[in-house]
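Report on the following structure.
Any read-out appearing in this document is the output of simple, stated calculations on the displayed coordinates, not a laboratory observation. Computed from a predicted structure; not experimentally measured. Every residue, glycine as well, gets a Cβ built from its backbone with ideal geometry; the counts of neighbours run over all protein chains shown.
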Amino acid sequence: MTATLALEHGSFSYDRPIFAGLSLALECGRVDALLGPNGCGKTTLLRCLGGALALREGRVTLEGRALGEYGEAERARRIAFVFQEHHTVFPYSVLEAVRMGRTPHLGFLASPGPHDTAIAERALETVGCSHLRSARYTEISGGERQLVLIARALAQEPSILLLDEPTSHLDFGNQMLLLMVVERLAREQGLAVLMSTHHPDHALLVAHHVYLMKEGSILAQGAPCDVVTAEHLRALYGIEVSVMAMDGDRQVVVPMLQPHSDGRQKREEKR
Amino acid sequence: MSRAVAARATSARAEEGARQRAILAGLEVSVLAIALVSLFLGRYPIDPSTLVRVVASRLVPVERTWVDNVETVVWNIRLPRVAMAMFVGGSLAISGAAFQGMFRNPLVSPDILGVTAGGGFGAALAILLGGNTLAIQLSALCFGVAAVALTYLIGRIYRTTPTLMLVLAGIVVGSIFSALLSLIKYVADPNEKLPAIVFWLMGSLSTVSKSETVSAIPPMAAGIATLLAVRWRINILSLGDEEARALGVKVELLKGVIIVACTLITATAVSVCGIIGWVGLVIPHVGRLLVGPNHRWLLPASLLLGSGYLILIDDLSRTITAAEVPLGILTALIGAPFFALMLRRTRGGWH
């Protein structure tokens, strides 16, 4: 496996340093998860990898070439970015929204043609949202919108997919649906995927490789079962957890908090 | 990909574009019909058959059965006026639609970057200094363009132009030019120059001549053609700068092209016929009701709707009373209540 997108000793700072000396490499057909507390620099790191922000030091390479050497459209044909926050003003149809993913393949004055529409249709089918094609994009549910945004990313026909907390704002069922789609894209279409998430369980479920990020540096990285451990999660989030083995080789993360019902019982005993 | 998906995609595409195409064709026919009917309207009566023959005589040899006055009225007064109304209305509407998409805000109008405030000041200054019509128009054009350039410079940060910065810079520049305009009105001779300034600011097509038509239409047409050429990309721009960049769009270049095109056409329109409000704000909303939010259809629809609308307004302006009613007054009196009605019908949704 060759690294498609790699970060070499990258540093970034606004007024204060956000991250420093980071190195990572994505691989085709692999889902990488980025775990870390709020404000640890996950989104900034993703934006640097996507080319939206320029590193202060170090470099990002795409297929062995520096990312900065690529033109905008050239880059967008290889890297697709699904943003965490997405505000829409105009109620485009879902199909039109997905078709916008064809932009990097079109000339400056061109509009998408039948070929582009077919690719958009196929992308919608891949994420299981073909039935929404004529719906207004502003009126579908949050879960559906996230899937449609992934379809738009697929319409770019990228080799790399960057997802910034794709499961936030989604209900439990939609979280799982989205994770399954992401896993399938890596397995079936050979995409290199990097997603940031707040759920260690999500990393255990679908990721092949996990990065733990804290205060701008990588605390640990490697296979999920080696990296998502009780000590690491305590160091990362400052809470007690237990990582339990399920049947087969599955693992789950269980927070060791004082159960709420105990507190209530004690209060009732006092009475 | 399975053939079934491809077939469905093709048929869906046809059904999607077909409605919009039919509506645009209907609008084209309507605008031409309105323009033709407008040539009959006016103080000097001309019967339909004579009018048709006068127009046709320029293309094919027709026996001349009319007096010179008819020729003059049709060619030097009515046709230039109708043509100018058509282009000014279409220009204002299409730049409104483009700006609303670019600024991701359906409450934006073409004067958001200060072009009308600058143009109004330029014209008033020229009137104060006793300039002729040409000087007034050139001054309006230059100050309109200068106002937008100033807005762009203020709004530009680190080689990017964030939407909010542009809007705020536009408010600043607009306020400065409004204040300067007030100053000119304050010092202008109240018997002669002040009324001229006030009348100019209210907007009118009554003085449009053939030569003005010839000089003003090409820049407006160029601006319109540019906006139509990039219209699909306005959809991408409406997703926000960062997403547009991630989709491979050169955001600053595209914004620059749109701003230059809109400024060119709005400044030209203002320089020829004064300040005509509401067209650029309201017409794109009517367009969205008809063809939906996709700028691929919305821009041509706005262009046609704006053209037809301003020709009709100008017809009203020259026929309802013996003295002409300024256009700016009519577009506001009709446009504002219509906008309110439409907002209530769509309950504030931008459909």
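For the protein assembly as shown, the calculated P(r), taken from all Cα-Cα distances in 20 Å bins from zero up to the bin holding the longest distance, is 17, 41, 27, 12, 2, 0 percent. Angle between the Cα long axis of helix A:172-189 and the longest principal axis of chain A, 0 to 90 degrees, nearest 10? So the helix axis and the longest Cα principal axis differ by about 50 degrees.
Footprinting exposure proxy ranking of A:His208, B:His295, A:His202, A:His131, fewest other C-beta atoms within 10 angstrom first, gives A:His131, A:His208, A:His202, B:His295.
Taking every DSSP bridge with both residues inside the protein assembly as shown, close to 60 percent are antiparallel.
Distance from the Cα centroid of the stretch A:141-159 to that of the stretch B:288-351 is 37 Å (rounded to whole angstrom).
Couplings 3J(HN,Hα) for the stretch B:251-257, derived from phi with the Karplus relation 6.51 cos²θ - 1.76 cosθ + 1.60 (θ = phi - 60°), are 4, 5, 4, 5, 4, x, 4 Hz, where x marks Gly and Pro. For the residues of B:293-306, the average number of beta carbons from a partner chain within 10 Å of their own beta carbon is 2. Fewest neighbouring Cβ atoms within 10 Å first, the residues B:Asp189, A:Asp15 line up as A:Asp15, B:Asp189. Mean per-residue shielding of peptide B:231-242 is 5, counting Cβ atoms of other chains within 10 Å of each Cβ. Working note: Karplus 6.51/-1.76/1.60 with θ = phi - 60° gives the stretch B:106-119 the couplings x, 9, 8, 10, x, 8, 4, 9, x, 5, 6, 4, x, x Hz, where Gly and Pro are set to x. For the stretch A:8-88, applying the loop criterion from DSSP together with a ceiling of 15 other beta carbons within 10 Å to the chymotrypsin sites (Phe, Trp or Tyr not before Pro) yields A:Tyr14. Please work out whether the stretch A:72-183 counts as rounded, prolate or oblate from its C-alpha gyration tensor, where a ≥ b ≥ c are the square roots of the eigenvalues and a/c under 1.5 means rounded, while otherwise a/b larger than b/c means prolate and anything else oblate? Taking the square roots of the gyration eigenvalues as a ≥ b ≥ c, the stretch A:72-183 is prolate. Once each of the GluC sites (Glu not before Pro) sitting in a DSSP loop with at most 13 other beta-carbon atoms within 10 Å is removed, chain B keeps B:193-351 as its longest stretch.
Simple spin-label estimate for B:Val60 and A:Ser168 gives 7.0 nm between the two label positions (7 Å along the Cα-to-Cβ direction from each Cα).
How far apart, in nm, are two points set 7 Å out from the Cα along the Cα-to-Cβ line at B:Ala221 and at A:Glu188? Taking the simple label geometry, B:Ala221 and A:Glu188 are separated by 5.3 nm.
Does the stretch B:20-346 classify as rounded, prolate or oblate by the C-alpha gyration tensor (a ≥ b ≥ c root eigenvalues; a/c under 1.5 gives rounded; else a/b over b/c gives prolate, otherwise oblate)? Could you put the intermediate results ahead of the total?
On the way: a/c = 1.94, a/b = 1.28, b/c = 1.52.
In terms of gyration-tensor shape, oblate.
Kindly express, to the nearest 10 degrees and within the range 0 to 90, the angle between helix A:114-126's C-alpha long axis and the longest C-alpha principal axis of chain A. The angle comes out near 20 degrees. Restricting the trypsin sites (Lys or Arg not before Pro) of the stretch A:43-132 to loop positions (DSSP other than H, G, I, E, B) with no more than 11 neighbouring Cβ atoms within 10 Å leaves nothing.
With a Förster radius of 51 Å applied to the C-beta separation of A:Glu74 and B:Glu28, the computed FRET efficiency comes to 0.85. The packing ranking of peptides B:87-97, A:26-36, highest mean first, is B:87-97, A:26-36, where packing means the average number of other beta carbon atoms within 10 angstrom of each residue.
Report the FRET efficiency, 1/(1 + (r/R0)^6), for A:Val254 and B:Phe338, where r is their Cβ-Cβ distance and R0 is 41 Å, rounded to 0.05. Efficiency, rounded to the nearest 0.05: 0.10.
Applied to the stretch A:59-64, the Karplus parametrisation 6.51 cos²θ - 1.76 cosθ + 1.60 on θ = phi - 60° returns per-residue 3J(HN,Hα) values of 8, 9, 10, 10, 6, x Hz, with x for Gly and Pro.
Evaluate the stretch B:74-126: find the radius of gyration of its Cα atoms, find its Kirkwood radius, and give the ratio Rg to Rh.
Values: Rg = 14.4 Å, Rh = 12.8 Å.
Answer for the stretch B:74-126: 1.12.
Near A:Arg56, the amide H atoms lying under 5 Å from its own belong to A:Ser11, A:Phe12, A:Ser13; only residues 5 or more places off or on other chains count, and H is placed 1.01 Å from N. With the highest mean first, a sort of the peptides B:99-111, A:174-186, B:150-162, B:278-290 on other beta-carbon atoms found within 10 angstrom per residue produces B:278-290, B:99-111, A:174-186, B:150-162. Peptide A:74-87 shows a mean partner chain C-beta count of 3 within 10 Å per residue C-beta. Angle of helix A:260-270 to the longest C-alpha principal axis of chain A, folded into 0 to 90 degrees and rounded to 10: 30°. You can think of it this way: the chain between A:Gln84 and A:Cys28 has 17.9 nm of extra reach, that is 0.36 nm per residue less the Cα-Cα gap.
Shape class of chain A from the Cα gyration tensor (axes a ≥ b ≥ c, square roots of the eigenvalues): oblate, since a/c reaches 1.5 or more and a/b does not exceed b/c.
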